[in-house]
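See structure below.
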Amino acid sequence: MTALELRKHRSEKMLERLRALGLKLTLQRRAIVRQFAADESHPTAQELFERLQREFPKMSFATVYNTLDALTDAGLSSTLRLGTAQASGGREANAARFDPNVEPHHHAVCDRCGAIVDVPARSLAPAEAATRALEQTAPGFSLRSVERIYRGICSTCARPASKRDERKEK
């Protein structure tokens, strides 16, 4: 399946599920879902709202947030709070981010620009050794999944400033 086909499939699946939950599929809600399903940047509700505001000037922030929240409740999205080290590029440091990728994966987070990239994983189930260690240090803790967050500097930010500036101009 190509990336375009995957995004379209993801969007259709999200819309079907929202319909099944009894939500009206308004023009605004459809636009939110399509934009979100195609977005791999792990956007905040505010970022999606700002992107759609030109097309839908009367749309409320609550519509965007509630749609993302319904997708998360339906298991078609996840909410992340990755606490990026620096808020730059307009990104808030600890804002809730939404992830349309529900396949097992970890995240690589750039400490400089806040970019987030999905890193595929076979499973999010904890290793036996980790489970034993957790049982010893936090008895009774109910473990749902394990996620790794790789922190560092992305390739764009690692380039010398002159190379980054050249890329922005293109």
Long-range lysine pairs (8 or more apart or interchain), the chain, Cα under 27 Å: 5
Just from its helices, what would the mean residue ellipticity at 222 nm be for the chain, if runs of 4 or more DSSP H residues each count -39500 (n - 2.57) and the sum is divided by every residue, rounded to the nearest 500 deg cm²/dmol? -13000 deg cm²/dmol
Count charges around SER11 for me, please; just the other residues with Cβ under 14 Å from its Cβ, Lys/Arg as +1, Asp/Glu as -1. +4
Rounded to one decimal in nm, the spacing of the 7 Å Cα→Cβ label points at THR72 and ASN101 is 1.9
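Read the figures in this text as sums done on the coordinates, not as results from a lab. A quick note: this is a predicted structure, and the numbers were derived from the prediction, not measured. Cβ atoms come from the backbone with ideal geometry, glycine included; neighbour counts cover every protein chain shown.
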